[in-house]
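Working notes, structure below.
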Amino acid sequence: SAEPKVVCVTGAAGQIAYSLLFNIARGDIYGPNQRVILHLLDIAPMMEALQGVVMELQDCSLPLLAGVEATSDPKVAFNNADAAILVGAMPRKEGMERKDLLRANAKIFKEQGDALNTVAKPSVKILVVGNPANTNALITLLHATSLPKENFSALTRLDHNRAIAQVALRVGVSVEKVRNVIIWGNHSSTQYPDVNHGEVEVGGQRKKIKDVIADEAWLHGDFIKTVQSRGGAIIKARKLSSAMSAAKAIVDHMHDWIQGTPEGEFVSMGVHSTGVYGIPAGLIYSFPVTCKNGTYTIVEGLPIDVFSRTKMTETADELVSEREDANQILSA
Ligand code: NAI
């Protein structure tokens with residue numbers, strides 16, 4: 001059979017990884033015929049906890065898992081990687097300003113970008129999850145200068161899945177009847193969940209979400225707010241940030257990127273902006289994409305109304321300002 005794929009997960013002793021590693025090891029990303037080797041990266045103080053995760057992975061007794069390596073050295077972790085899922089990040093602590101958070105993370109993602117550049121496969125697919133995910137992805141990209149920009153992405157699939165779930169709940173159908181919602185922009189409270197191009201199947205017929213729900217006040221109001229603030233609502237209830245749903249979204253993102261999206265469907269990915277839809281080039285911005293043969297393509301030419309344009313610009317502006325802060329920090 002084919003060589004095992006090397007999948008590196010950072011923040012591997014953390015709570016998202018705890019929900020994620022099992023799914024990767026049983027084949028949810030690469031499929032049931034492809035063995036995987038897991039490379040687990042965390043910081044030195046977490047090595048004992050990480051050994052516990054390694055023991056549990058062994059005990060899962062998964063036939064597709066061809067090996068596990070745990071390390072605190074990014075160069076070891078990213079060595080020969082086919083996929084790198086960057087979950088580990090400095091968490092925001094009480095009283096921490098956004099700029100402090102960016103500063104701590106700029107250092108981490110600069111180092112990891114350098115390491116990816118040096119030791120990963122040239123085709124490595126990189127997904128940044130650790131927040132601020134879009135700007136962390138941008139920092140990684142800027143430091144992995146020999147890798148194509150199309151190798152980098154940031155996770156907005158959780159937001160995308162949240163939007164689908166809210167529409168399905170409202171219409172009273174199961175989630176697979178809903179498709180082609182879009183998350184535009186930043187994985188933050190400025191993100192714009194957009195259903196203008198989305199469809200829902202009711203009574204065997206595919207219809208526009210807008211026509212089925214026909215409640216603009218809800219679509220422009222509570223719907224958007226619920227999706228934007230869902231992360232906060234989960235922290236408030238669970239006293240921990242979303243992990244199970246984040247892990248599911250990571251698997252969805254990597255699976256679709258590698259295996260392709262179904263005909264006629266698009267999903268949301270934070271990817272390098274080429275300037276389409278008037279979004280400043282060079283940002284990592286969430287767009288609707290289709291995937292085929294391991295590459296994504298931004299869905300172009302969707303008509304954008306005035307409401308959407310305002311929202312898309314707002315979240316782009318936030319990313320521009322995060323990029324300015326990051327540049328300032330990195331050049332200091
Ligand atoms: P966690 O705190 O449970 O785990 C994070 C792990 O990363 C810890 O084990 C920590 O030691 C490790 N870590 C810290 N710095 C590292 C470094 N330089 N290299 C390797 N590992 C490092 O956090 P959790 O809940 O797993 O979340 C991880 C990140 O994902 C957070 O930044 C969170 O905000 C973000 N997140 C992003 C979402 C998205 O949709 N983009 C959704 C949910 C969470």
Let's test this: bin the Cα-Cα distances of the chain at 10 Å from zero up to the farthest pair and state each bin's percent. 6, 27, 35, 24, 8, 1
The pairs in Lys121/Lys225; Lys99/Lys225; Lys125/Lys208 lying past 29 Å Cα-Cα in this model are Lys121/Lys225; Lys125/Lys208
Listed residues His143, His272, His253, most fluctuating in the chain (Gaussian network, C-alpha, under 10 Å): His143
Integer Hz, Karplus 6.51/-1.76/1.60 couplings in order for the stretch 185-197, x for Gly and Pro: x, 8, 7, 7, 6, 8, 3, 10, x, 10, 9, 4, 10
Once the convex hull of the C-alpha atoms of the stretch 136-293 is built, how many Å³ does it hold per residue, rounded to a whole number? 126 Å³
For the ranges 294-307, 28-41, 254-267, what's the packing order if you count other beta-carbon atoms within 10 Å of each residue, average per peptide, and put the highest first? 28-41, 254-267, 294-307
Using 7 Å Cα-to-Cβ label points, what is the Gln51/Lys236 separation (nm, one decimal)? 4.2 nm
Counting DSSP beta bridges with both partners in the chain, what percentage is antiparallel, nearest 5? 50 percent
Set the Förster distance to 41 Å, then compute FRET efficiency between Val306 and Ala44 from the Cβ-Cβ distance, nearest 0.05. 0.20
Please work out the FRET efficiency for the pair Asn293 and Glu201, using the Cβ-Cβ distance as r and a Förster radius of 35 Å; give the result to the nearest 0.05. 0.80
Val175 paired with Arg92, simple spin-label distance in nm, labels 7 Å along Cα-to-beta-carbon: 2.5 nm
May I have the extent of the alpha carbons of the stretch 163-219 along their three principal axes, as whole Å values ordered from largest to smallest? 35, 23, 17
Computed over the chain, the relative contact order (Cα-Cα under 8 Å, seq sep at least six) in percent reads 16 percent
Taking the alpha carbon gyration tensor of the stretch 5-154, what are the square roots of 5 times its eigenvalues, largest first, to the nearest whole Å? 24, 19, 13
If you put +1 on each Lys and Arg Cβ and -1 on each Asp and Glu Cβ, how big is the dipole of the chain around its Cα centre, in Debye rounded to 20? 280 debye
To the nearest 500 deg cm²/dmol, what mean residue ellipticity at 222 nm is calculated for the chain from DSSP H runs of n ≥ 4 alone, each contributing -39,500 (n - 2.57), summed and divided by the residues? -13500 deg cm²/dmol
Cβ-Cβ FRET estimate between Lys210 and Asn23, R0 fixed at 51 Å, reported to 0.05: 0.90
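Read-outs: derived from the displayed coordinates by stated rules, not from any lab. Computed from a predicted model, the values in this text were never measured in an experiment. A quick note on method: Cβ atoms are made from the backbone with ideal geometry, for glycine too, and the neighbour counts reach across all protein chains shown.
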